[in-house]
There are 2 protein chains.
Amino acid sequence: MSLLTQTLDDDRLDETFAALANPTRRAILARLAHGEANVNELAAPFDLTLPAISKHIKVLEHARLVRRTAHAQYRPCSLDATRLEAVASWVDQYRPVWEARLDRLDEYVGQLQPKRQQEKGPRHG
Amino acid sequence: MSLLTQTLDDDRLDETFAALANPTRRAILARLAHGEANVNELAAPFDLTLPAISKHIKVLEHARLVRRTAHAQYRPCSLDATRLEAVASWVDQYRPVWEARLDRLDEYVGQLQPKRQQEKGPRHG
DNA sequence: CAGTTATTTAACTGAATAGGAAACTACACG
DNA sequence: CGTGTAGTTTCCTATTCAGTTAAATAACTG
């Protein structure tokens with residue numbers, strides 16, 4: 001799959017990235033990586049009201065970054081890493097770009113050999 | 001670095017994820033992965049006005065996902081993969097979670113050995 | 001059933017986003 | 001200098017977002 005077609009199958013990537021674009025939500029994910037937690041537990045470290053946390057969780061849930069169950073009046077959350085894996089594979093498409101430090105994937109794609117970096121030269125004349 | 005401290009150094013991750021949470025901007029990045037391009041070239045595939053694209057580029061530039069230069073009246077953009085690398089390493093923190101399919105990093109952190117996967121068993125009672 | 005705990009919903013506010021239209025800047029070219 | 005080309009800025013609109021308070025729902029507990 002080329003980087004040009006990548007746009008076609010970014011099914012839910014908008015939603016995923018939008019969910020990740022918030023420090024509270026990333027912190028919630030980090031916490032859930034250590035095991036499931038209910039809403040009050042998740043809210044504890046933050047200077048936010050419970051409804052605010054509840055909404056953040058809803059965003060994460062809707063983005064399928066967390067799964068929820070229900071035990072009595074508790075609604076524990078757990079991490080669902082599937083979408084994180086999707087993020088990883090999206091960003092991994094660009095890995096050659098930063099690894100080669102070429103900033104041109106073309107050259108990487110076309111010719112895998114290291115081959116002298118081939119400066120394009122400044123062409124501002 | 002543990003997943004709990006990860007929150008502390010997510011310097012510009014908000015901005016980065018927010019910039020990536022848009023299909024037009026991701027498509028622009030994809031295009032730039034093939035080499036630099038100016039604004040009109042970047043705008044061509046989209047059903048958006050030039051100012052709209054210009055603003056998307058500004059978002060990407062501010063998020064340091066693209067770099068810009070100036071040749072005459074052209075302002076070519078090129079991909080800067082540094083922040084993508086940051087995204088990759090952020091998401092890679094979670095790799096053990098989806099690779100082990102445990103949904104509990106604790107167990108991974110505690111005992112790295114493969115050691116028979118140790119099913120926790122269903123505990124919904 | 002009354003009360004307590006856990007969580008959500010509703011209603012509202014202020015700020016940020018995405019987009020368009022129109023006007024503006026900057027440069028090249030003749 | 002005037003015109004075309006490349007791109008940005010300004011202004012405006014509609015939508016979404018993050019947060020609040022207050023009220024509602026849900027389930028356990030005595």
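Here are some notes:
- Tallying residues that are within 11 Å of DNA strand D (Cβ to nearest atom) and either among the hydrophobic types (A, V, I, L, M, F, W, C) or surrounded by fewer than 19 Cβ atoms within 10 Å (Cβ to Cβ) (or both) within the range A:33-56 yields 11.
- Residue in the range A:75-93 that is at pLDDT 95 or above and within 11 Å of DNA strand D (Cβ to nearest atom) present: yes
- Filtered residue count, the range B:70-95, keeping only those that are touching a residue at least 12 places away in the same chain (Cβ under 8 Å) and surrounded by fewer than 18 Cβ atoms within 10 Å (Cβ to Cβ): 5
- B:ARG67 vs. criteria more than 15 Å from DNA strand C (Cβ to nearest atom), touching a Ser or Thr at 6+ places or on another chain (Cβ under 7 Å) and either part of a loop (DSSP other than H, G, I, E, B) or more than 23 Å from A:ALA86 (Cα to Cα) (or both): yes
- Subset of the range B:7-64 (residues that are polar (S, T, N, Q), without any contact (Cβ under 8 Å) to a residue 40 or more places away in the chain and more than 10 Å from DNA strand C (Cβ to nearest atom)): B:THR7, B:ASN38, B:ASN40
The values are calculated or read from the model by the stated rules, or taken from the named source; none is laboratory data. Just so you know, these numbers come straight off a predicted model, no measurement behind them. As a convention, Cβ positions derive from the backbone with ideal geometry for all residues, glycine included, and neighbour counts pool all protein chains shown.
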